[in-house]
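Engineer: Here it is, the structure, as structure tokens.
The values are calculated or read from the model by the stated rules, or taken from the named source; none is laboratory data. Just so it is clear, the structure is predicted and the values come from calculations on it, not from any experiment. Using ideal geometry, Cβ is built from the backbone for each residue, glycine included, and neighbour counts are taken over all protein chains shown. These area figures cover heavy atoms from the full protein model, side chains too; ligands, DNA and RNA do not enter into them. Shrake-Rupley method; radii C 1.70, N 1.55, O 1.52, S 1.80 Å.
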Amino acid sequence: MSYERKNRKVVVTGGAGYIGSHIVEELLSSNYTPIVLDNFYSGNKWAIPEGVEVIEGSCGDPILLEKIFNETQAETVFHIAGHIDAQESVVNPLKYYNNNTKNSLTLIQSCIEHNVKNFIFSSTAAIYGSTTEPIVKENDEHYPINPYGRSKKMVEEFLEDLCTASSSSEKSTHLNFVALRYFNVAGASPSGRIGQATPGVKSLIKVVAEVHTGKRDRLSIYGTDYPTKDGTGVRDFIHVSDLSQAHIESLAYLERGGKSDVFNCGYGSGFSVLDVVNTYEKITGNKLKIEKLPRRPADPVSVIADNTKITQHMNWSYKYNDLEQILKSALTWEEQMSKIQ
Ligand SMILES: NC(=O)c1ccc[n+]([C@@H]2O[C@H](COP(=O)([O-])OP(=O)(O)OC[C@H]3O[C@@H](n4cnc5c(N)ncnc54)[C@H](O)[C@@H]3O)[C@@H](O)[C@H]2O)c1
């Protein structure tokens with residue numbers, strides 16, 4: 001279907017971070033004009049391509065937001081900024097509710113005041129908590145098991161309430177949204193320019209890559225007695241480039257009149273921690289040093305996406321649905337980073 005894109009400016013909060021910087025690359029190659037709003041809490045200036053406008057500050061600062069929306073007249077916001085560590089959220093919940101929930105509400109309010117039309121939100125599979133379903137659908141009942149998941153769920157609910165209010169009142173807002181529930185994001189841009197470089201990040205594939213380059217001495221496996229095929233937790237790993245592409249398709253979906261909604265963003269295939277270890281050993285020929293530790297409180301057993309909804313409603317065709325490819329891409333990036341650090 002062809003449709004006119006009236007305003008190609010896209011404000012990307014968190015555009016200097018891991019996922020945000022890949023989305024900025026994807027926006028550029030799809031001929032949009034990204035404008036990055038980032039407070040550099042965990043983002044990197046070098047991750048933003050030359051020529052892209054960068055505004056340093058918080059997405060929870062209403063005065064700054066007013067200035068940005070007045071000056072840019074942007075009609076689209078990709079809200080990627082947030083804190084990401086589920087374990088940290090257990091010991092410091094306020095940090096997560098302040099940045100992930102409160103700042104998001106301030107941003108959404110400013111979007112409404114400035115007639116932003118399209119809002120794409122970084123949500124998370126952490127919303128599902130310890131689900132008993134082998135594969136989770138968007139409408140399945142879900143109970144997040146950590147403040148991180150709850151901080152994101154509240155924003156989804158706020159967006160849904162706004163849409164309900166808008167459709168049942170005369171004073172409707174123009175804001176439509178897509179919330180993408182990311183599963184476990186990994187890998188690096190095929191451009192070789194960017195990859196996972198968030199300080200202190202402890203996601204499985206990143207840690208495997210760091211053990212590979214010698215930055216860490218071992219991989220800690222938390223929980224080997226889960227009710228899974230080999231006792232370790234199971235996750236659905238999605239390549240960051242496919243995830244970025246899903247954002248472009250989400251915007252296209254809203255621009256052609258798609259209704260505000262929540263979509264899982266994963267491949268629908270689950271791999272255990274030991275599957276990742278075995279795949280690493282197969283592709284490198286190296287033995288990975290591991291240690292087996294007890295379960296951690298904020299870790300769910302298994303989370304795999306049912307991606308029927310996104311594939312039916314959007315023209316999202318993913319390219320990197322292969323654990324070996326994802327791992328190789330993460331290792332290549334880590335090797336490159338280790339040479340310059
Ligand atoms: N990495 C994953 O596997 C994963 C999975 C599910 C959801 N997510 C979500 O994706 C988003 C991006 O995650 P990431 O892995 O790229 O993390 P990241 O830490 O690399 O990126 C977050 C970016 O947001 C910026 N930021 C944080 N608070 C801000 C604020 N108040 N104002 C402006 N900028 C701010 C940081 O400086 C950083 O550049 C997060 O919202 C996260 O919850 C990530």
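Engineer: Taking the Cα atoms of region 1-127, report the difference between the largest and smallest coordinate on each principal axis, in whole Å and largest first.
Structural biologist: Result for region 1-127: principal-axis Cα extents of 47, 31, 31 Å.
Engineer: For labels at residue 115 and residue 140 in the simple 7 Å Cα→Cβ model, what's the distance in nm?
Structural biologist: 4.2 nm
Engineer: In nm², what is the average projected area of the convex hull enclosing the Cα atoms of region 217-332?
Structural biologist: Convex hull of Cα atoms, orientation-averaged projection: 8.6 nm².
Engineer: Also, quick follow-up: Work out the charge dipole of the chain with +1 on the Cβ of Lys and Arg and -1 on the Cβ of Asp and Glu about the Cα centre, then indicate which of 313, 29, 248 is farthest towards its positive end.
Structural biologist: Farthest along the dipole direction, towards plus: 29.
Engineer: Farthest toward the dipole's positive end in the chain, which of 263, 101, 197, given Cβ charges of +1 (Lys, Arg) and -1 (Asp, Glu) about the Cα centre?
Structural biologist: 197
Engineer: State the extension gain, in nm to one decimal, for the chain segment bounded by residue 106 and residue 339, taking 0.36 nm per residue of separation less the distance between their alpha-carbons.
Structural biologist: Gain on stretching residue 106 to residue 339: 79.8 nm.
Engineer: In the chain, what % of DSSP beta bridges are antiparallel (nearest 5)?
Structural biologist: So the antiparallel bridges in the chain amount to around 5 percent.
Engineer: How big is D for region 8-70, in µm² s⁻¹ as a whole number, if Stokes-Einstein is applied with the Kirkwood radius of its Cα pairs at 4 °C and 1.567 mPa s?
Structural biologist: For these conditions, the coefficient is 112 µm²/s.
Engineer: Taking every pair of alpha-carbon atoms in the chain, what share in percent sits in each 20 Å bin, from 0 to the bin with the longest distance?
Structural biologist: Values per bin, smallest distances first: 32, 60, 9, 0.
Engineer: From the Cα gyration tensor of region 110-245, with a ≥ b ≥ c the square roots of its eigenvalues, which class applies: rounded if a/c is under 1.5, or else prolate if a/b is larger than b/c, or else oblate?
Structural biologist: It is oblate, given that a/c is not under 1.5 and a/b is not larger than b/c.
Engineer: While we're looking at this one, here's another question. Lysines within cross-link reach of residue 117: Cα-Cα under 17 Å, excluding same-chain residues under 8 positions apart?
Structural biologist: 6, 9, 171, 259
Engineer: Which FRET efficiency, nearest 0.05, do residue 40 and residue 98 yield, Cβ-Cβ r, R0 25 Å?
Structural biologist: The formula returns an efficiency of 0.90 here.
Engineer: While we're looking at this one, here's another question. Roughly how big is the chain's charge dipole about its Cα centre, with Cβ charges of +1 (Lys, Arg) and -1 (Asp, Glu), in debye to the nearest 20?
Structural biologist: In debye, rounded to 20, the chain gives about 600.
Engineer: State the Cα centre-to-centre distance between region 242-294 and region 1-72 in whole Å.
Structural biologist: 23 Å
Engineer: Further question: Ignoring ligands, DNA and RNA, please state the percent of accessible area on the chain from carbon and sulfur, probe 1.4 Å.
Structural biologist: 49 percent
Engineer: Any chance you could list the semi-axes, whole Å, largest first, of the equivalent ellipsoid that the Cα gyration tensor gives for region 87-185, using √(5λ)?
Structural biologist: 25, 17, 11
Engineer: Projecting each Cα onto the charge dipole of region 77-149 (Lys/Arg +1, Asp/Glu -1 at the beta carbon, about the Cα centre), which of 87, 120, 149 comes out farthest on the positive side?
Structural biologist: 120
Engineer: Using only the alpha-carbon atoms, how far is helix 273-284 inclined from the longest principal axis of the chain? Give it as 0 to 90 degrees, nearest 10.
Structural biologist: It works out to around 70 degrees.
Engineer: Calculate, for the chain, the solvent-accessible area per residue in square angstrom, rolling a 1.4 angstrom probe over the heavy atoms of the protein chains.
Structural biologist: Accessible surface, normalised per residue, equals 45 Å².
Engineer: Write down the Kirkwood hydrodynamic radius of region 222-285, to one decimal in angstroms, obtained as one divided by the mean of 1/r over all alpha carbon pairs.
Structural biologist: 14.4 Å
Engineer: Residue separation times 0.36 nm, minus the C-alpha to C-alpha distance between residue 9 and residue 293: what's the value?
Structural biologist: 97.5 nm
Engineer: Here's another thing I want to ask about it. Using the crude model of +1 on Lys and Arg Cβ and -1 on Asp and Glu Cβ, and no other charge, please compute the dipole size for region 207-341 relative to its Cα centre, in debye to 20.
Structural biologist: Magnitude of the dipole: close to 240 debye.
Engineer: Taking the Cα centre as origin and putting +1 on Lys and Arg beta-carbons and -1 on Asp and Glu beta-carbons, what dipole magnitude results for region 94-197, to the nearest 20 debye?
Structural biologist: It comes to approximately 480 debye.
Engineer: Report the local net charge at residue 93: Lys and Arg +1, Asp and Glu -1, summed over other residues whose C-beta lies under 15 Å from its C-beta.
Structural biologist: So the surrounding residues net to +3.
Engineer: At a threshold of 8 angstrom on Cα-Cα distance, excluding pairs fewer than six apart, so keeping six or more, what relative contact order does region 1-150 reach in percent?
Structural biologist: 23 percent
Engineer: Any chance you could run the full-extension gain for residue 132 through residue 286? It's 0.36 nm times the residue separation minus the Cα-Cα distance, nm to one decimal.
Structural biologist: Additional length available on full extension: 51.9 nm.
Engineer: Which whole-number percent is the relative contact order of region 211-341 (Cα, under 8 Å, 6+ apart)?
Structural biologist: Computed over region 211-341, the figure is 38 percent.
Engineer: OK, next. Only loop residues by DSSP count here, and only those with at most 13 other Cβ atoms within 10 Å; note down the chymotrypsin sites (Phe, Trp or Tyr not before Pro) in region 1-91 that meet that.
Structural biologist: 3, 40
Engineer: Let me ask something else about it. Describe numerically, in nm with one decimal, the distance between label points set 7 Å from Cα along Cα→Cβ at residue 215 and at residue 309.
Structural biologist: It works out to 3.4 nm between the two label points.
Engineer: Can you give the helix-only mean residue ellipticity at 222 nm for the chain, where every DSSP H stretch with n ≥ 4 adds -39500 (n - 2.57) and the sum goes over all residues, rounded to the nearest 500 deg cm²/dmol?
Structural biologist: One gets -11500 deg cm²/dmol as the mean residue ellipticity at 222 nm.
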